[in-house]
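Below is one structure, written out as structure tokens; the observations come after it.
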Amino acid sequence: MANENTPAGSANGNAQQPKATLNVLAQYVKDLSFESPGAPRSLRARDKAPGIAINVNVAANPMSEKEFDVTLTLNAKATAENDVLFNVELVYGGVFRIEGFPQEHMLPLLFIECPRLLFPFARQIIADSTRNGGFPPLMLDPIDFAQMFQQKLAEDQAAAKVKAV
């Protein structure tokens, strides 16, 4: 039977390891722009759905040793017959405190897990902006940030090989 007064981990002489934590300290809209250059003509009913181009970018900047500012940039542009129906851009950020993780886990945390936490909020802002602009809400499909990260790593490695030659 264990002694209830003994701190966890000290009974066998092991010091407690710091717990790995990822905390969201703040979330914010850094930039939001909605343009509908053809309104009100662009609001009319259409026979076919407009083409929608979506771009996604993630950036991370250290604020201190344990705190990081991660921004998720989403651009969505809807066009029909060479006319721009709407163009929406959102830069949505979060301040994260990351402690206790090995250094090799930091980039995946910053470029996969942090944007994954921010995305649902950014998605809702985009949907509300397009709805408030007179269009049906644009509900972005979930984004595979792990695939984006792997693709970026592969591109960086290919660029480094070309540079080395």
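Points to keep in mind about this one:
- So residue 59, is it part of a strand (DSSP E or B) and either hydroxyl-bearing (Ser, Thr, Tyr) or surrounded by 14 or more Cβ atoms within 10 Å (Cβ to Cβ) (or both): yes
- Scanning region 73-104 for residues being under 30 Å from residue 46 (Cβ atoms) and in a strand (DSSP E or B) gives a total of 18.
- Condition met for residue 121 (assigned to a loop (DSSP other than H, G, I, E, B) and within 30 Å of residue 20 (Cα to Cα)): no
- Where residue 78 falls short, out of the listed (1) within 14 Å of residue 34 (Cα to Cα); (2) over 20 Å from the mean Cα position of the chain (by Cα); (3) free of Cβ contacts under 8 Å to residues at least 24 places away in the same chain: (3)
- Per the listing 94, 100, 133, the residue uniquely farther than 24 Å from residue 53 by Cβ, open to solvent by less than 30 Å² (accessible area, probe 1.4 Å) and either free of Cβ contacts under 8 Å to residues at least 24 places away in the same chain or not acidic (Asp, Glu) (or both) is 94.
- Residue satisfying condition, being touching a strand residue (DSSP E or B) at 6+ places or on another chain (Cβ under 6 Å) and modelled with pLDDT under 95, within set 62, 37, 18: 37
The values are calculated or read from the model by the stated rules, or taken from the named source; none is laboratory data. What you are looking at is a predicted structure, and each value in this text was computed from that prediction instead of being measured. For neighbour counting, all protein chains shown are included, and Cβ atoms are generated from backbone atoms with ideal geometry for every residue, glycine included. Surface accessibility is based on the protein's heavy atoms, side chains included, excluding ligands, DNA and RNA. Shrake-Rupley method; radii C 1.70, N 1.55, O 1.52, S 1.80 Å.
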